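Below: the structure, in structure tokens.
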Amino acid sequence: RIRELLQTEPDWQDAPSAADGVAKLPAVTGRVRFENVGFEYDAGVPVLHEVSFAAEPGQTIALVGHTGSGKTSIINLVAKFYLSTSGRVLIDDVDVRAMPNRQLHQHLGIVLQQNFLFSGTVSDNIRVGRPDADDAAVRDAAAKLDCLDLIEALPKGFDTEVGENGCNLSLGQRQLLCFARAMLADPRILILDEATSSIDILTEARLQHALAKLLAGRTAFVIAHRLSTIRHADLVLVLGGGRILQRGTHTQLVAQPGTYRELYEQFIQATAA
């Protein structure tokens, strides 16, 4: 069964021009544009409809909406896990269809709500995105996130065994390691699938500080459920039914009636309860 799975042909492969290295990304700045993008997982069942927006280098874009609104689909297209059914997705004004997958993913970092840690040491897990990094670079990544003290407080510091899937670490410690992993890889485009949603409030304060360090200077797409993640976004896209219903900053959207203000009021009520 494993052999059969590994031999399965992918639904699509790099275009010949991309495979030949015609489209190169020597110095990615991180500008991302969606031009009238439509997308279907299954033929005839659209999940995105004419989605258009631009993310400038260094901006944070928050994706907000109910389950099934299209947030994850947008993330999947940015990462080129799928190809758009219509329209274009461009990075630095180059259509992702013309980019080699491997090269694109070298400029991309992803931190999920539930990240995977491998058996091995803390250092081993931070090096996943950059295996050739030396010990000094690993420590520097942790120091840039202001979490060096938390790692050094572990029984053996960076040499602490994390256990299978991080079983020897707390949820907050695991997430910090994944932030450090992304910091070390130094991607120009960062995807966060609500990386702090299951963290307690005290731990979240520390993680939010580290997150701000990680986001600095990078183009980031954040699927957000907590208000703390959205407040400082440069652009909030409110999605519903695969369409952009509203766009603007947190302050702008709260000031006008619509889906975002409803979600904001629900959040406030839940927090008060």
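The values are calculated or read from the model by the stated rules, or taken from the named source; none is laboratory data. Just so you know, these numbers come straight off a predicted model, no measurement behind them. For neighbour counting, all protein chains shown are included, and Cβ atoms are generated from backbone atoms with ideal geometry for every residue, glycine included. Note: accessible area is taken over every heavy atom of the protein model, side chains too, but ligands, DNA and RNA are not part of it. Shrake-Rupley method; radii C 1.70, N 1.55, O 1.52, S 1.80 Å.
Tabulated data
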item	result
Leading residue at positive end of dipole, segment 1-153 (Cβ point charges), from N125, L6, S86	S86
With every protein chain in place, the chain: carbon and sulfur % of accessible area (1.4 Å)	52 percent
Gap separating the Cα centres of segment 219-258 and segment 122-189, nearest whole Å	30 Å
Efficiency of FRET from Cβ geometry, S228 and A54, R₀ 35 Å, rounded to 0.05	0.90
In range of the label at T72: residues from segment 103-120 whose backbone nitrogen is under 20 Å from the point 7 Å along Cα→Cβ	109-117
Overall form of segment 29-70 per C-alpha gyration tensor (a/c, 1.5; a/b vs b/c)	oblate
Answer label, with volume of the Cα convex hull per residue in Å³ calculated from the coordinates and candidates [x] 132; [y] 158; [z] 117	[y]
Accessible area, probe 1.4 Å, largest first, for residues V128, V138	V128, V138
Total charge dipole magnitude, the chain, about the Cα centre, Cβ charges on Lys, Arg, Asp, Glu only, Debye to nearest 20	400 debye
The chain: DSSP helices with Cα axial extent of at least 15 Å and average Kyte-Doolittle hydropathy no lower than -0.5	171-185, 201-215
Listed peptides 72-81, 208-217 by packing density, highest first (mean Cβ within 10 Å)	72-81, 208-217
Lysine pairs meeting the criterion (Cα under 25 Å, 8 or more apart or interchain), as found in the chain	5
Label point distance in nm, D159-H209, each placed 7 Å from Cα along Cα→Cβ	2.8 nm
